[in-house]
């Protein structure tokens, strides 16, 4: 597995192949499978993301009751045509929330790279397929590019909120989605990794502070920020706007920030938003709803 984004770009230049091909060839070598088998694996992941979006239940709420139904609200707002952001961005917001709510409601999702950040990549890729007419094979190539970025982040830093805060989850997902979006628009390897770097830089230091330790509040809504940030980062890179800090060093900075973070804002539910008066009130209400197991 590649240990730096620079290595992938160098391999792209040396081989004359595209970024996604270089990533996939490395992966199939590691797995001991054929190119077609590796491509089919990743396409299956994308189809699972699409299915999760298609079967979203707008009436379902999580067991805690803290999340659910907001995806439907965003869909209705999008269809009304009155949003500030416009139809495409509203679709991205809608799909990001739908996926995050489906995760909280124990529906089938793809953890890409984690369950808590499962809405970012699907929101970007499914929306781009629907809006711009990309084929599923085209989208799969973007997803492979995203996987290559995620693999390097996992090697150099971390993907779990418990290890590095939410910057490691939503931040990594945003970087991966930005690279995928740039890939779909015909970017070369340098533009792809610049998009990833810009997206990740924008979320450095993001705390992981889930209320009650549940991947619901504020996690679901943070998926929208990761998704929209990915698209802005991709457009910046495609326009020739690059990160002044080289991409691999951005990942290294994320690691150092994560290590420096206190434990209370690394998925423990003991700091940040998780300990606000409002959060404490929600947890007290949830405790009241729990069955009395002692008398069962």
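Observations on the structure shown:
- Any hit, the stretch 247-256, residues being surrounded by fewer than 17 Cβ atoms within 10 Å (Cβ to Cβ), without any contact (Cβ under 8 Å) to a residue 12 or more places away in the chain and part of a helix (DSSP H, G or I): yes
- Number of residues in the stretch 133-171 that are over 18 Å from residue 181 (Cα atoms) and assigned to a helix (DSSP H, G or I) equals 10.
- Looking only at the stretch 52-78, residues that are loosely packed, with under 13 Cβ neighbours inside 10 Å and assigned to a helix (DSSP H, G or I) come to 3 in all.
- Annotation note: Cβ proximity below 6 Å between a residue of the stretch 228-246 that is without any contact (Cβ under 8 Å) to a residue 12 or more places away in the chain and a residue that is assigned to a loop (DSSP other than H, G, I, E, B) and crowded, with 17+ Cβ neighbours inside 10 Å (sequence gap 6+ or interchain) occurs for no pair.
- Boolean, residue 117 is touching a helix residue (DSSP H, G or I) at 6+ places or on another chain (Cβ under 8 Å), assigned to a helix (DSSP H, G or I), under 30 Å from residue 151 (Cβ atoms) and in contact (Cβ under 8 Å) with a residue 40 or more places away in the chain: no
- Failed item, numbered, when residue 204 is tested on (1) touching a residue at least 40 places away in the same chain (Cβ under 8 Å); (2) over 17 Å from residue 257 (Cβ atoms); (3) outside any helix (DSSP H, G or I): (2)
- Complete set of residues in the stretch 211-230 that are assigned to a loop (DSSP other than H, G, I, E, B) and either modelled with pLDDT under 95 or surrounded by fewer than 24 Cβ atoms within 10 Å (Cβ to Cβ) (or both): 214, 215, 217, 218
The values are calculated or read from the model by the stated rules, or taken from the named source; none is laboratory data. All values reported here derive from a predicted model rather than from experimental measurement. Here Cβ is always computed from backbone atoms with ideal geometry, including for glycine, and neighbour counts include all displayed protein chains.
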